[in-house]
Amino acid sequence: MDMYAKCGKLTEVVAIFKKIEGKRSASLWTAMITGFAVHSQGRQAVDLFEDMEEKGIMPNEITFTGVLAACSYSGLVE
């Protein structure tokens with residue numbers, strides 16, 4: 001999923017992500033967040049991060065880096 005997201009196949013990756021609702025690990029969430037970050041879709045990355053927190057999934061250092069990168073790439077620094 002990480003490779004497809006970074007290659008710009010976000011529509012496909014989101015569809016797969018939705019299908020595996022109950023088995024999402026922190027690394028899967030992080031792959032989605034960083035995929036959005038790479039393609040300057042900061043709002044989607046932040047929304048996904050908030051969903052991750054609501055579901056009780058503990059983010060790791062890479063997740064935080066992805067969210068910060070998404071904000072930086074999208075002009076959401078403030």
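Please grab the % of Cα pairs in the chain that end up more than 21 Å from each other. Here the tail beyond 21 Å accounts for 16 percent of pairs.
Here's the picture: charge each Lys and Arg Cβ at +1 and each Asp and Glu Cβ at -1 in the chain, and of SER40, VAL77, THR11 the one pushed furthest to the positive end of that dipole is THR11.
Per residue, the chain reaches -21500 deg cm²/dmol at 222 nm when only DSSP H runs of four or more residues are counted, each adding -39500 (n - 2.57).
Under the convention that each Lys and Arg Cβ holds +1 and each Asp and Glu Cβ holds -1, the size of the dipole of the chain around its Cα centre is about 340 debye. Relative contact order of the chain, taken over Cα pairs closer than 8 Å and 6 or more residues apart, is 33 percent.
A short reminder: the numbers here are calculations on the coordinates, not readings from a lab. Keep in mind that what you see is a predicted model, and the values were worked out from it rather than measured. Heads up, the Cβs are rebuilt from the backbone with ideal geometry, glycines too, and the neighbour counts pull from every protein chain shown.
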